[in-house]
């Protein structure tokens, strides 16, 4: 097992196709290949990496240059013949907005084409059932981000929304989320689209988070990835052979009893029951739990044995679930993150990393990278924006279906 993401000179690149009428797919293949190589790629390297003909690569790169999505970034000396011209992504050529509706905090971000956060806003999630008022605030934050100096609103591709499950992905509804009383069945995707004027996508928070890791995070080099999400609740985002698993209804990633056992509220309630935290930390709404969790982490860091024991038991629960899922899916990378993960990250990894390393099924066949997200607590919001980038710009195998 390794605890840091391995860096390699070559990244996994989708193969293109020279079949007729495949221009959109091939353009995405080329764009994705350039995006995954920050140092730039030449046209010759693009042809070799994607399997496309030199003429196809030349035609597509000309279009990308004309659109301003890519640019020539310098020369590459090959030792013989004339230097090759390198191509790179123009980050500011496209943007996407991401909104994460968490029961404790609402986070909005604007990201560029490389998934870098350009601007962000967050606020405590209001309690109560004024869904229309909350959505109006979310839309106002999204619009304010697009109005930031230097941002061309015409280059914003759309709006992505990450929400706790369950969701109806097809209809764009949240469906009675447990920690958001009063929301019921609410058409969140369409309401935000109408309020912002942007096309919108809705996905589960854990799914959005794993998309963020593939687009701009620690999972960029992995085709088989598990993301463990720790926020108000918990869940797992899954990638198998470079495909995000969403399930029949878009609700893959729920982990049953493990999810409730790893919730912030459960952890704080346990600490209060054991007398580690006082009654003033009683959780009245999800935002309250964050304060109790931070105090619990501080006590553990100060050497409080019972506080540390609560976190240790949490780590064991997470470790067992992650080892089982990693074995079932045969992943090579496990990433941890979410709105509350950063509070406990180092302490939990101390418990979880050895459990993965000792896993009798993982260890004999391949190393497994175990790492915290590089995207911080806003990973689901970045993921929401990445949903838009991924849908608009990544090579989608479904686009190869004819008729």
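Residue 65 satisfies every condition listed in (1) touching a residue at least 40 places away in the same chain (Cβ under 8 Å); (2) closer than 16 Å to residue 40 by Cα except (1). Could you check, for the stretch 289-304, whether at least one of its residues is touching a strand residue (DSSP E or B) at 6+ places or on another chain (Cβ under 7 Å) and at negative phi? Scanning the stretch 289-304, I find no residue that is touching a strand residue (DSSP E or B) at 6+ places or on another chain (Cβ under 7 Å) and at negative phi, so the answer is no. Tell me, yes or no, whether the stretch 138-155 has at least one residue that is in contact (Cβ under 8 Å) with a residue 60 or more places away in the chain, crowded, with 20+ Cβ neighbours inside 10 Å and in the same structural domain as residue 390 (by TED's automatic domain parsing). No - not one qualifying residue is present in the stretch 138-155.
When residues in the stretch 165-206 are screened for being touching a residue at least 40 places away in the same chain (Cβ under 8 Å), part of a loop (DSSP other than H, G, I, E, B) and touching a helix residue (DSSP H, G or I) at 6+ places or on another chain (Cβ under 6 Å), 2 of them pass. Among the residues of the stretch 225-243, write down those that are within 16 Å of the chain's Cα centre (by Cα) and surrounded by fewer than 19 Cβ atoms within 10 Å (Cβ to Cβ). Those that are within 16 Å of the chain's Cα centre (by Cα) and surrounded by fewer than 19 Cβ atoms within 10 Å (Cβ to Cβ): 240, 242, 243.
The residues of the stretch 254-264 that are without any contact (Cβ under 8 Å) to a residue 40 or more places away in the chain and crowded, with 19+ Cβ neighbours inside 10 Å, listed by number, are 259, 263.
Name the single residue that is farthest from the chain's Cα centre (by Cα) among those in the stretch 90-106 being within 27 Å of residue 154 (Cα to Cα) and buried (at least 24 other Cβ atoms within 10 Å of the Cβ). Don't jump to the end; show me each part of the working.
Start the filter on the stretch 90-106 by keeping residues that are within 27 Å of residue 154 (Cα to Cα), which leaves 90-101, 106.
If we keep only those that are buried (at least 24 other Cβ atoms within 10 Å of the Cβ) as well, we get 95-101.
Details: 95: 16, 96: 14, 97: 13, 98: 11, 99: 12, 100: 11, 101: 14 Å.
Restricting to residues being within 27 Å of residue 154 (Cα to Cα) and buried (at least 24 other Cβ atoms within 10 Å of the Cβ), the top hit is 95.
Scanning the stretch 235-263 for residues that are modelled with pLDDT of 90 or more and either under 27 Å from residue 346 (Cβ atoms) or in a helix (DSSP H, G or I) (or both) yields 235, 236, 237, 238, 239. Scanning the stretch 360-370 for residues that are crowded, with 19+ Cβ neighbours inside 10 Å and either modelled with pLDDT of 95 or more or assigned to a loop (DSSP other than H, G, I, E, B) (or both) returns 362, 368.
Check the stretch 22-43 and report whether any residue there is more than 27 Å from residue 157 (Cβ to Cβ) and assigned to a helix (DSSP H, G or I). No, the stretch 22-43 contains no residue that is more than 27 Å from residue 157 (Cβ to Cβ) and assigned to a helix (DSSP H, G or I). For residue 277, the conditions (1) buried (at least 21 other Cβ atoms within 10 Å of the Cβ); (2) over 19 Å from the mean Cα position of the chain (by Cα); (3) in contact (Cβ under 8 Å) with a residue 24 or more places away in the chain; (4) assigned by TED's automatic domain parsing to the domain that holds residue 330 are fulfilled apart from (3).
Of the residues making up the stretch 315-331, those that are more than 15 Å from residue 234 (Cβ to Cβ), touching a residue at least 40 places away in the same chain (Cβ under 8 Å) and surrounded by fewer than 20 Cβ atoms within 10 Å (Cβ to Cβ) number 2. Here residue 222 passes the criteria (1) part of a loop (DSSP other than H, G, I, E, B); (2) more than 20 Å from residue 340 (Cα to Cα); (3) more than 18 Å from the chain's Cα centre (by Cα) except the one numbered (3).
The values are calculated or read from the model by the stated rules, or taken from the named source; none is laboratory data. Computed from a predicted model, the values in this text were never measured in an experiment. Glycine also receives a Cβ, built like all others from the backbone with ideal geometry; neighbour counts cover every protein chain displayed.
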